[in-house]
1. I'm told residue 103 meets every condition in (1) surrounded by 13 or more Cβ atoms within 10 Å (Cβ to Cβ); (2) in a helix (DSSP H, G or I); (3) of a type in the set (A, V, I, L, M) except one. Can you identify the failing condition by its number?
2. Given the structure, is residue 57 of a type in the set (S, T, N, Q) and more than 29 Å from the chain's Cα centre (by Cα)?
3. Which of the residues that make up segment 103-123 are more than 13 Å from residue 55 (Cα to Cα) and modelled with pLDDT of 85 or more?
4. Pairs needed: first member in segment 197-215, of a type outside the set (Lys, Arg); second member anywhere, assigned to a loop (DSSP other than H, G, I, E, B); C-beta distance under 7 Å; at least 6 residues apart or different chains.
5. Please go through (1) under 17 Å from residue 200 (Cα atoms); (2) exposed (fewer than 13 other Cβ atoms within 10 Å of the Cβ) for residue 150 and return the number of the only condition it doesn't satisfy.
6. Checking residue 52 against (1) assigned to a loop (DSSP other than H, G, I, E, B); (2) within 19 Å of residue 41 (Cα to Cα); (3) within 22 Å of the chain's Cα centre (by Cα); (4) not basic (Lys, Arg), which single condition isn't satisfied?
7. For residue 70, indicate whether it is modelled with pLDDT of 85 or more and over 30 Å from residue 91 (Cβ atoms).
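The values are calculated or read from the model by the stated rules, or taken from the named source; none is laboratory data. Since the model is a prediction, treat every value here as computed from it, not as a measurement. Here the Cβ positions follow ideal geometry from the backbone for every residue, glycine too, while neighbour counts run over all protein chains shown.
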Amino acid sequence: MSRRARAVAFLIVALICALLAATVAGRYRSRVEARFGPLRSVVVATTELGAGKAIGSERAQAALAVRRVPASFVPPGALSRPEDAVGRAPTAPVPAGSYLLGAQLVIPTAKEPRAPGIGSGLRPVQVAVAGAEALTVGGAAPEGREVDVVVSRQAGLGRSAHAYIAAGAVKLLALAPPAGPGEPWNATLAVAEQQALSLIAAQSAGREIRLLPRP
């Protein structure tokens, strides 16, 4: 037999073996599906997922995989796509190799920032302030920062303009924006009793109060 004829014979044998293997595999799959149900896609954790930690897109790609298993083996509520878990967090640790169920996941709630404490011996006082938008530059929340409280008096008949620090390095507890056009900001400060009385008196006298953020 020539070399070409042997090559053709080997190719025919290989094709016959492939057809037989496909036939056997198809029959086996049909028997499995008849007994256990059709194959379904399920999400499996390839590494342990910690409780309370939200699953991001990168984490989903690294720690989740899709497996095809008979339907009778799939627990109720099993996820079929890793992207369905993105943005959600397990309520309890999920071991590696476990199916990922929808009932195991919740949308994490944002933690409310803790209100800054007043401090020993201090009292909260609310005053109207001008120019407080300067404290919000950069997008950071100003609450909890230390500020200097500056009281100023405009020049008038027989008097010159005057400004002084009425309270230095005091904690800003809260800052509320103006209620409407032309309205002032409202700041709640943690100050000593004498400072509180001084600021209340300045506000009653129509003095302008400003907050300067400390470096």
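1. For residue 103, the exception is condition (1).
2. On the way: of a type in the set (S, T, N, Q): yes; more than 29 Å from the chain's Cα centre (by Cα): no.
Considered against the rule, which asks whether it is of a type in the set (S, T, N, Q) and more than 29 Å from the chain's Cα centre (by Cα), residue 57 comes out as no.
3. Within segment 103-123, the first condition is being more than 13 Å from residue 55 (Cα to Cα), and the residues that meet it are 103, 109-123.
Scanning segment 103-123 gives 103, 121, 122, 123.
4. Note: pairs meeting the criteria are 213/145.
5. (2)
6. For residue 52, the exception is condition (2).
7. Values: modelled with pLDDT of 85 or more: yes; over 30 Å from residue 91 (Cβ atoms): no.
In short, no.
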